[in-house]
1. Does ARG108 meet the test of being within 19 Å of ALA254 (Cβ to Cβ), in contact (Cβ under 8 Å) with a residue 24 or more places away in the chain, assigned to a helix (DSSP H, G or I) and outside the structural domain of THR269 (by TED's automatic domain parsing)?
2. Out of all the residues in region 156-165, which are free of Cβ contacts under 8 Å to residues at least 12 places away in the same chain and surrounded by 13 or more Cβ atoms within 10 Å (Cβ to Cβ)?
3. Answer yes or no as to whether LEU125 is in contact with a Leu (Cβ under 8 Å, 6 or more places away or on another chain) and at pLDDT below 95.
4. Run TYR67 past the list (1) aromatic (Phe, Trp, Tyr); (2) within 25 Å of VAL134 (Cβ to Cβ); (3) outside any helix (DSSP H, G or I) and report the number of the one that doesn't hold.
5. Going residue by residue through region 268-277, is there one that turns out to be out of contact with any Phe, Trp or Tyr (no Cβ under 9 Å at 6 or more places or on another chain), surrounded by 13 or more Cβ atoms within 10 Å (Cβ to Cβ) and modelled with pLDDT under 80?
6. Name every residue in region 32-69 that is more than 16 Å from MET148 (Cα to Cα) and of a type outside the set (A, V, I, L, M), in order of residue number.
7. Looking only at residues that are among the polar types (S, T, N, Q) and part of a strand (DSSP E or B) in region 250-297, which one is farthest from GLU171 (Cα to Cα)?
Amino acid sequence: MWEYDGFIAKAQLYFSRANDHHTADNDVLAHWLLLGLEFLLRAPLAKVHPILLADMNGDSIMAAAGYPKPTGHPTSIPLKTVVERLETIVPTFTKYHTKDVTGLAGLRNAEAHSSSSPYEQGVELWLPHFTRVVEVLCDHLGLDPADMLGDALLSHGRALVDAADKRLIHEVTQRIKAAVKIRDGLPDEELIVRRARISTLFPGWGGLSLLHEAAEQVGCPACAEKIPLELRVVRSTNERIEDDWVYRDVVYVATGLSCPVCTLSLEGTAEIHAAGIQQQYLRTERESLEERYADYGESEYGND
């Protein structure tokens with residue numbers, strides 16, 4: 001019922017129906033693509049284990065574990081829960097992708113349950129969001145999005161994504177310009193007060209010398225003040241031993257920035273990128289073998 005291969009095959013089937021339609025009808029395109037998307041969204045959870053897709057009732061969990069009742073009626077978790085779990089399972093699935101999915105699901109529901117025709121608004125309002133979600137899921141699953149959607153449809157979606165990115169860059173640029181004006185208009189006394197707030201943004205803020213601190217010191221793109229860029233761990237390498245130390249590399253992505261001086265605020269990796277700030281950061285953590293095995297002290301044999 002919740003097999004990974006089945007979800008992928010069903011998503012491909014629905015996507016192919018969108019491609020195979022004999023006219024460029026936006027309603028038909030949206031209908032099949034948005035129906036197929038839900039199967040693709042559930043695939044990463046199924047790949048970990050089908051039980052992640054099962055409702056909490058007993059019949060559903062048992063069915064997901066491979067013990068269905070002949071008279072049982074297993075049910076799936078709702079899409080909202082699927083998306084919440086994707087944020088944990090897929091490191092690159094950010095809250096921006098969650099917003100994309102929420103908007104696409106709302107569009108589909110409005111088409112199915114209301115008297116309006118939301119698909120008539122045009123593909124440029126939803127295809128960029130759809131393409132972003134498909135690409136991040138395919139990348140995580142090791143799939144080629146062109147195999148899922150077809151080259152032509154993928155190129156169409158990517159072209160609209162590029163246009164959406166340009167709009168975001170323009171929006172972020174305008175916000176930076178506005179923040180510059182705020183900074184330039186501050187009297188010296190107020191500037192001193194606002195600069196003093198920087199050290200209070202994160203506990204232990206003091207140059208970011210600790211490996212485990214989820215922040216990076218960067219120059220504000222508007223006022224150039226050194227402020228913390230918030231980071232989130234997305235993955236880490238397997239541990240390696242060198243000499244008497246255990247090492248692992250940890251990859252972080254930028255998630256937000258808020259400047260107390262000029263009031264510029266950036267949220268999410270997309271806005272960070274649009275502002276020209278580095279998105280990914282690599283840190284190496286280390287622990288001595290002595291520290292690792294400190295609790296494995298002398299044997300207690302003979303102490304009784």
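1. In short, no.
2. ALA159
3. no
4. Among (1) aromatic (Phe, Trp, Tyr); (2) within 25 Å of VAL134 (Cβ to Cβ); (3) outside any helix (DSSP H, G or I), TYR67 violates only (2).
5. no
6. LYS47, HIS49, PRO50, ASP55, ASN57, GLY58, ASP59, SER60, GLY66, TYR67, PRO68, LYS69
7. Filtering first and then ranking leaves SER288.
The values are calculated or read from the model by the stated rules, or taken from the named source; none is laboratory data. The structure presented is a predicted model; accordingly, all values stated were derived computationally and were not measured. For neighbour counting, all protein chains shown are included, and Cβ atoms are generated from backbone atoms with ideal geometry for every residue, glycine included.
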